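The values are calculated or read from the model by the stated rules, or taken from the named source; none is laboratory data. As the structure is a computational prediction, the values presented were derived from the model and not from experiment. As a convention, Cβ positions derive from the backbone with ideal geometry for all residues, glycine included, and neighbour counts pool all protein chains shown. What goes into the accessible areas is simple: the full protein's heavy atoms, side chains included, and nothing from ligands, DNA or RNA. Shrake-Rupley method; radii C 1.70, N 1.55, O 1.52, S 1.80 Å.
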Amino acid sequence: MRGKKVKAVEKREHSKRNGFKFTSWSKEDHKEPIFGVAFNPYTNPVHPPVFAAVGSNRVTIYECLEDSVSVIQSYSDPCTEEIFYTVCWLYTVSPEVSVNLAVAGQRGLIRVLSPTKLHNLFTLMGCGDSINELKLHPSDSNLLLSASKDNSLRLWNLKTRRCILILGGLQGHRDEVLSCDFDLSARYVLSCGMDHSVKMWSLETDDVKNTIALSYTYNQDKPFPVLNVHFPIFSTRSIHRNYVDCVRWFGNKQWYQRRVRASTLKCPPQSPSKARCCTVLSMVTVTFGTCGLQCRITLKL
């Protein structure tokens, strides 16, 4: 009996140290999996946290109260066959300051919803298949990146509502792209997918910069000249035995090295084409010596 009391006390103390406790749960009535959840990073800190969840053809916005989670808004796609896989919060300053939602999924459409105006603002079309993930550009809130089942990534200009850049082709992914991410400086994009590969793409070339700039001013009657980027600056399939379903940039180089120094074999600096890797449990560290960058890749073995 004494042992049980001691364990109960230790459990409470552990909960206090972590600062987390279970408060409530919510179940949506469509009885389908929830594929994507994203907290609103633009919420005023004095207000309760707000997050959006997508599953089936439903988009639901929740508010985290002290001891419960309440539904604020819910949207249903007019097509009952739609299944949303990803959700991303957007912040726009022109023509007015607003916080919106971008959602996408099985039908390959990107819908931009306005929680303030309570309707769909516009829909982006152009992907050849399902969209698995959306990422907002870290420094230009008008640019949105999508990872698709059509083996490519697309960069969209939300202000002019057009696709401006396609990453894929000759040396692109050979199967659907499952995940993507910008680095904090927005100079590079990482992508991964069903082909077991991780690829790094550069947004620093003159062609890419000129195309992004042109997307804001192009007003001719002809279709916009979409730029196709066929060659990533780094690619590997040798470190994965199965598909890779999540890829993220992980802080800056110095902080990352200190964190893993005790449990990771340090890779010597070298060119991206000869980058070496070292595995720690389910984490792989890829060193891009020329760029001075590192990333963390979550594996599904």
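Against the numbered list (1) free of Cβ contacts under 8 Å to residues at least 40 places away in the same chain; (2) over 28 Å from Asn151 (Cβ atoms); (3) not charged (D, E, K, R), Phe122 comes up short only at (2). For the stretch 87-123, residues that are part of a loop (DSSP other than H, G, I, E, B), open to solvent by less than 40 Å² (accessible area, probe 1.4 Å) and farther than 19 Å from Cys163 by Cα total 1.
Kindly establish whether His230 is touching a Phe, Trp or Tyr at 6+ places or on another chain (Cβ under 7 Å), farther than 19 Å from Leu134 by Cβ and touching a residue at least 40 places away in the same chain (Cβ under 8 Å). Spelling it out, it is not the case that His230 is touching a Phe, Trp or Tyr at 6+ places or on another chain (Cβ under 7 Å), farther than 19 Å from Leu134 by Cβ and touching a residue at least 40 places away in the same chain (Cβ under 8 Å). The single condition from (1) modelled with pLDDT under 95; (2) outside any loop (DSSP other than H, G, I, E, B); (3) surrounded by 13 or more Cβ atoms within 10 Å (Cβ to Cβ); (4) not charged (D, E, K, R) that Val6 fails is (3). Within the set Ser191, Ser215, Ser202, the sole residue that is surrounded by 21 or more Cβ atoms within 10 Å (Cβ to Cβ) and over 17 Å from Cys246 (Cα atoms) turns out to be Ser215. Restricting attention to the stretch 79-86, does a residue exist that is among the aromatic types (Phe, Trp, Tyr), part of a loop (DSSP other than H, G, I, E, B) and under 19 Å from the mean Cα position of the chain (by Cα)? No: zero hits. Just one of the listed residues (Phe84, Phe35) is open to solvent by 90 Å² or more (accessible area, probe 1.4 Å) and modelled with pLDDT of 95 or more, and it is Phe35. Selection of first residues in the stretch 162-184 that are within 15 Å of Asp150 (Cβ to Cβ) and of second residues that are acidic (Asp, Glu) and part of a loop (DSSP other than H, G, I, E, B), restricted to Cβ pairs under 6 Å at least 6 apart or on distinct chains, gives the following pairs, ordered by first then second residue: His173/Asp195; Arg174/Asp195; Asp175/Asp195; Leu178/Asp245.
Scanning the stretch 145-177 for residues that are in a loop (DSSP other than H, G, I, E, B), open to solvent by less than 30 Å² (accessible area, probe 1.4 Å) and under 11 Å from Ser191 (Cα atoms) returns Ser152, Gly168, Gly172, His173. Can you find a residue that is in a loop (DSSP other than H, G, I, E, B), open to solvent by 100 Å² or more (accessible area, probe 1.4 Å) and of a type in the set (A, V, I, L, M) anywhere in the stretch 46-63? Checking the stretch 46-63: at least one residue is in a loop (DSSP other than H, G, I, E, B), open to solvent by 100 Å² or more (accessible area, probe 1.4 Å) and of a type in the set (A, V, I, L, M).
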